[in-house]
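Below is one structure, written out as structure tokens, with a few remarks after it.
Values in this text are rule-based calculations from the coordinates and carry no lab data. Everything numeric here is computed off the predicted structure, so don't read it as measured data. Please note: Cβ atoms are built from the backbone with ideal geometry, for glycine as well, and neighbour counts cover all protein chains shown.
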């Protein structure tokens, strides 16, 4: 069965709720229900929070209810964190209470041979048109309204700022590490949805929903097992025409498929068929979690008009490595325009060769970076500018940040920064990322992501 | 010409000097000679420091000399940071003064058409048997005696602790970012040598020297252009029999070779021939700077007896992704021994499937990690253990660090940790790295490095 339009529409309530009930709320800091309740309060969720647990009258200063049915007023979102066998009964109460939707975080269903419990949940949900996310998942995080069912303490796992990338992830672990890293580097997200075993709503339903979500401009998917591959691939193809879809498919080989089955209770399907379908639909595939993170950042850049790369560096070796990566990936090193060459010759010191890659040498100043970057951005022969930089040199200072953010905010042309180092470099990197400038740890990872971005840009430009 | 035995022997003086002269020492914080002098003083170099510059009588509280010849007593190491045209004359003075050796940091030779100046330096060096590192380089860093010619301020670029990895790098930029990152993550090094244009001593001379250096157990090379490829490859093969040699060769394609020529004044040579030779000699090749960093960490683990991998995780998705990577790289997922299965069944909670990968689920405790890791390390069917971990879960705490460092220190079996996240995770990661436990940002990067390490272990085990 697939979700009805009515059920999908009700997802609005679940993702932007005015009231949240936490079933299994607890005083014990090792219980999920404790962490979730605390995160909602500390995360400054503005709606009504209703803990549900017959053991308590009050929890963290809030009135605690003995069941969903005892909660006064309507409930838009129910978060369930109680053992699997208790969940069908809670679903019945949710139906009776006519809640907006349910997030079931609890594990212990298909993955341990209790598919019967999942079936009971499914039956109630489809009969009563209740959107359900889960089971066996992390639930949702929405930075726009501070809805947060992620059962990791905030001091251990950061929450990202508001932005335009949305995640749909089968694995809570994979999703959680991506948002933790996104938070660390100041990368904004729109909606995060971890759907686990896909008992009711699956990845395709969620993809359809996000396709129409105004705050979502880029959709990132992590999938292992998929129940209806054809439907997913058709939907991906359709959505990818207007918003880039980036996908990481896990459970590729024989052992990987078995591991995925043990994890989510469903077989992962033939990877080669998926890979072929992704290519045919021009959907961007990440080959690993590192690439997923690289791609989601590069796709926020303005579209590339072609594959001709300009490289500026203050470390010769980094320029050579970036050139190698450009050639290995099948991108092209731009031939500088004559005007560019003339203009550069006027401003660079005598020990700098005017060519691409442009090696400004270790004594390059902020002003030299600024001027050469402007000239590269104006050169019609260059489609994408990669700036390699050692922030560590004696002649550079913090004004370099402004040079890169200004170039990025002008949105004339896509740019990426390659920078490697320790604490000092990391500080610069975080500021740049939070301003929307993608920074990469190696020339290869940058160029690979750029290549996929150029491919997608070409697909969209052709249409 | 190649370096004589006598010249190589004198390298001891250059790398472990009792006295250092800095030619071009300066009061101006934008000059290299200023940064180097300050770094020697602040870095607590214990020998005599002699600034040389006719402009000053005193510099940073030290007596300043008008020339090398005016310095009282002998000089083991001369660091030259003056413009290229001045260097031949300084070399003559170094010969007259009979110094131990010379580091020439200055650029402006072959790479800008002034090969004649380099030729003059070469002639003097070989005639007088003076070991010279440079020109156009960062020079050396030795954490054992705090010799440091790296002209990057310490607050911008960290200096690593003492350890057993030595670097030979043609590019100062590539070398500097690697040591900055090594310092950030607490990875110890033995000697760092940036040799630039290889005017006198080249990569092969330095490799021969480090082959006999007792503090060096792993040798990492970054090369672009090589003057005598056959000699390098023969030496690499020989050294790699007793100490692992890890190499990153840049300047691969047509454009990359041109970029390398512009950078160091020499053509980079046929990459495919190098690649074939590396394979034949069982030398470990890094395909990028990210892999170089991964490899240098994994090679500090005890040798692997085979390629059967055991995986423990508390995030199902990370286990699936790691399994995918193991299969993609051609490694093997270990079949758990029957005793392992029995022992695990006694200790894991009912929702955990006893299999490989072993998914302990998000509620795994430190104790469960400890016991299962012990069982995996004792299983004769497992050659390498990968531990994936979300440090962020509510049930884990800082005692987990001890579990991993103890397992690593026992040196029964090689292990690696895969962990991804933000600030909290980074803190754990840095502690583990500083204790010699390699931690990776993605399953793919871990497994790729492990695969190359397993290959090298096999080569050494076969001998």
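With Cα atoms defining each centre, the stretch B:380-414 and the stretch A:94-149 are spaced 34 Å apart in the structure.
When every Cα-Cα distance of the protein assembly as shown is counted in 10 angstrom steps from zero, the calculated P(r) takes the values 2, 12, 20, 22, 19, 12, 7, 3, 1, 0 percent. Summarised as an ellipsoid, the stretch A:176-330 has semi-axes of 30, 19, 16 Å, derived from the eigenvalues of the Cα gyration tensor scaled by 5 and square-rooted, with the largest first. With the cut-off at 44 Å, report for chain B the share of all Cα pairs above it, as a whole percent. Summing the P(r) tail past 44 Å for chain B gives 21 percent. Quick one: length gained pulling residue B:412 to residue B:254 fully straight, 0.36 nm per residue minus the C-alpha distance? Fully extending the segment from residue B:412 to residue B:254 adds 52.3 nm.
Shielding value for A:108-115 is 2, the average number of Cβ atoms from other chains within 10 Å of each residue's Cβ.
Counting only DSSP beta bridges whose two residues both lie in the protein assembly as shown, roughly 15 percent are antiparallel.
To check you understand DSSP bridge types, tell me what percent of the beta bridges within chain A (both residues inside) are antiparallel, rounded to 5. Spell out each step's value before the answer.
Working: 7 of 55 bridges.
Around 15 percent antiparallel, to the nearest 5.
With both labels modelled 7 Å from their Cα along Cα-to-Cβ, the residue B:86 to residue B:18 distance reads 2.9 nm. Position residue A:47: other-copy label points at 7.0 nm, ordered by increasing distance, label point 7 Å along Cα→C-beta. With a cut-off of 14 Å, note down the residues of the stretch B:191-220 whose backbone N falls inside the zone around a label point 7 Å from the Cα of residue B:126 toward its beta carbon. Residues B:199-202 fall inside that zone.
Shape analysis of the stretch A:247-380 yields a ratio of the Cα radius of gyration to the Kirkwood radius, Rg/Rh, of 1.16. The mean count of C-beta atoms from other chains within 10 Å of the C-beta of residues in A:150-157, rounded to a whole number, is 6. Our note on the geometry: Cα centres of the stretch A:42-62 and the stretch B:13-32, 65 Å apart.
To the nearest ten degrees, helix B:254-264 and the longest principal axis of the Cα atoms of chain B are 50 degrees apart. May I ask for the angle, rounded to the nearest 10°, between helix B:443-462 and the longest principal axis of chain B, with both axes built from Cα atoms and the value confined to 0 to 90°? That helix lies at roughly 80 degrees to the long axis.
In the stretch B:243-319, the inverse of the mean reciprocal separation of distinct Cα atoms equals 15.2 Å; this is its Kirkwood hydrodynamic radius.
Per-residue extension of 0.36 nm, minus the Cα-Cα distance of residue B:30 and residue B:4, leaves a gain of 5.6 nm for this segment. Per residue of B:309-319, other chain Cβ atoms within 10 Å of the residue Cβ number 6 on average.
Between the C-alpha center of the stretch B:270-290 and that of the stretch A:185-212 there is a gap of 43 Å. Estimated from helices alone, the mean residue ellipticity of chain B at 222 nm is -13000 deg cm²/dmol (sum of -39500 (n - 2.57) over DSSP H runs with n ≥ 4, per residue).
In the stretch B:415-463, what is the volume of the convex hull around the alpha carbon atoms, normalised per residue and reported in Å³? Intermediate values should be presented prior to the final figure.
On the way: hull volume 3.0 nm³, N = 49.
Each residue corresponds to 61 Å³ of Cα convex hull volume.
Per-residue Cβ neighbour counts within 10 Å put A:323, B:2 in the sequence B:2, A:323, beginning with the fewest. Translational diffusion coefficient of the stretch A:128-191 (Stokes-Einstein, Kirkwood radius from Cα pairs, 25 °C, 0.890 mPa s): 202 µm²/s. Expressed per residue, the C-alpha convex hull volume of the stretch A:73-132 stands at 68 Å³. Say R0 is 41 Å: what FRET efficiency, to the nearest 0.05, do residue A:146 and residue B:335 get from their beta-carbon distance? Plugging the Cβ-Cβ distance into 1/(1 + (r/R0)^6) gives 0.30.
If R0 equals 30 Å, the separation of the Cβ atoms of residue B:66 and residue B:227 corresponds to a calculated FRET efficiency of about 0.25. With its label point put 7 Å out from Cα toward Cβ, residue B:119 sits 8.8 nm from the same residue's point in the other copies, in order from shortest. Taking every Cα-Cα distance in the stretch A:308-462 and sorting them into 10 Å bins from zero, the calculated P(r) comes out as 11, 44, 37, 7, 0 percent.
Sorting B:274, A:271, A:195, A:155 from the fewest to the most surrounding beta carbons within 10 angstrom yields A:155, A:271, B:274, A:195. The alpha carbon radius of gyration of the stretch B:1-83, expressed as a multiple of 2.2 N^0.38 Å, is 1.13. Along Cα→Cβ, 7 Å out, is where each label goes; now give me the distance between the ones at residue A:272 and residue B:161 in nm to one decimal. Label-label distance for residue A:272 and residue B:161, simple model: 4.9 nm.
Placing a label point 7 Å from Cα along the Cα-to-Cβ direction at residue B:378 gives distances to the equivalent points in the other copies of 7.2 nm, listed shortest first.
Taking other Cβ atoms within 10 Å as a rough exposure proxy, B:324, B:116 sort from fewest to most as B:116, B:324.
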